[in-house]
Amino acid sequence: MRLKMDWPLFLSILFLVSVGLVFVFSASAVVAEARYGSGSHFFFLRQVIAALLAFAVLLALSRWDYRKLMSERWAFTGLGLVMGLLAAVYFIDREHHRWLRLGPLSLQPSELAKPALILFLAYYVTARAAEINSGRTLAAPALAIALLAGMVVKADLGTGVVLMGIAGAIFFVAGMRRRYFQIASVLMTVAVAVAIVSEPYRLLRVIQKFDPQYKILNWVDPNGWVLGYAMSGTAPPDTRYQAEQAVLAFGAGGPFGVGLMQGKQKLGFLPEAHTDFIFAIIGEELGLIGTLAVLAAFLVILLRGLRLYWSALDEFGRYLAVGITVSIVLQAFINMSVAVDLGPTKGIPLPLVSYGGSSLVSSMIMLGLLLNVSQRAR
């Protein structure tokens, strides 16, 4: 079969990675200079190296027939390897439970959990398509999802939510009965609520977002026990600071922005400007036009991914496409929602754009497979 590149999808990916490299440098130069002296290119160079590696992975996976992955070996090995890395990181990174470091190199295993879960579920649902609503069929993936999300949620609630979103989307399109889907939705909601309450800083973020004056909370809990617990965490007393500074960045940018490299919020006013809040820097320097261009690129990924639900050659390719599309777009939606202050502050990167080699490589693994499915579609 002669393969034809899906140019709208490929160019959208290329555009987002290019924007990411430009704004990682713009947003991180001052921070890098402050931390590393003359090393104002520190974060930028690391991101360039990650981007080159990620593009090599993307191109390789886009050409290698994805149907060869339809096997127990790939599905279970990938999931088992990621679970092993997640278990190891709990003992190696005792403070944050996120990073495996080897000299200048670092790996965030939770990022690899997304492609591993997608591959496992796509294989499993395809293999058990005739019995998708059997209790025995649903038990094994439910256990795998619970274990994987549970291992991730302790350190990274946002990624845990994305993993549950991926699973929900794949089972929904696979034809899970509404009753099972409703039960799973309730269980996922309860799990997220427990994860929020289990960490005081998460609870404080939610309270300060939806009840900043504590009026409702004081009415419900006049003794102040809940607020006292929420304040006992390691988060700063004002968890709204980042969101407020991000909104100021968007306001300063206006329709056309203040100009590339001319933003002020990255000068120490907006923490994590090159990672979780890079969208705000884009809004400040390129204005509404720049943010709409980024949003349009993610919309192209969404539309090209959903198209494959109808045009993929087989069920395995269909489930891969749905899981990958939901993973990328859901992450982008959460990140941008937080940046424009539509949700509580949550540390989740903007796919392909934010600084972070693990996130970039993970996203390109998934998008390489999406390109692969697209090139072989009807």
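What follows is calculated from the coordinates using simple rules that are stated; it is not laboratory data. Nothing here was measured: the structure is a model prediction, and the numbers come from that model. FYI the Cβ positions are ideal-geometry reconstructions off the backbone, even for glycines, and counts take in every protein chain you see.
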Quiz item: Which value in deg cm²/dmol, rounded to the nearest 500, describes the helix-derived mean residue ellipticity at 222 nm for the chain, given -39,500 (n - 2.57) per DSSP H run of n ≥ 4 and division by the residue count?
Solution: -23500 deg cm²/dmol
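Quick one, can you get me the convex hull of the C-alpha atoms of the stretch 173-314 expressed as volume per residue in Å³?
Numbers: hull volume 25.2 nm³, N = 142.
In the stretch 173-314, the Cα hull volume divided by residue count equals 178 Å³.
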Self-check item: Selected from 12, 342, 190, residue furthest toward positive end of dipole (the chain; charges at beta carbon)
Solution: 12
Quiz item: Separation of the stretch 179-216 and the stretch 274-348 by C-alpha centroid, Å?
Solution: 23 Å
Quiz prompt | Point-charge dipole on Cβ atoms (K/R +1, D/E -1) for the stretch 91-209, about Cα centre, debye to 20 | solution = 260 debye
Self-check item: Filter on 114/154; 215/266; 264/346; 154/266 - keep pairs with C-alpha separation over 26 Å
Solution: 215/266; 154/266
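With 17 Å as the cut-off, how large is the P(r) tail for the stretch 1-125, expressed as percent of Cα-Cα pairs?
Summing the P(r) tail past 17 Å for the stretch 1-125 gives 71 percent.
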Quiz item: Calculated from the structure, Rg and Dmax of the Cα atoms in Å equals which of [x] 21.0, 70; [y] 29.6, 86; [z] 30.1, 105?
Solution: [x]
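For 72, 33, what ranking results if the residue with the fewest other Cβ atoms within 10 Å of its Cβ goes first? Don't jump to the answer; show the numbers that get you there.
Numbers: 72 11, 33 14.
Fewest-to-most Cβ neighbours within 10 Å comes out as 72, 33.
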Quiz item: Among all the lysines, which ones have a C-alpha under 23 Å from residue 4's C-alpha, if same-chain residues fewer than 8 places away are not counted?
Solution: 68
Self-check item: Most mobile listed residue (362, 62, 185) in the chain, GNM with C-alpha springs under 10 Å
Solution: 185
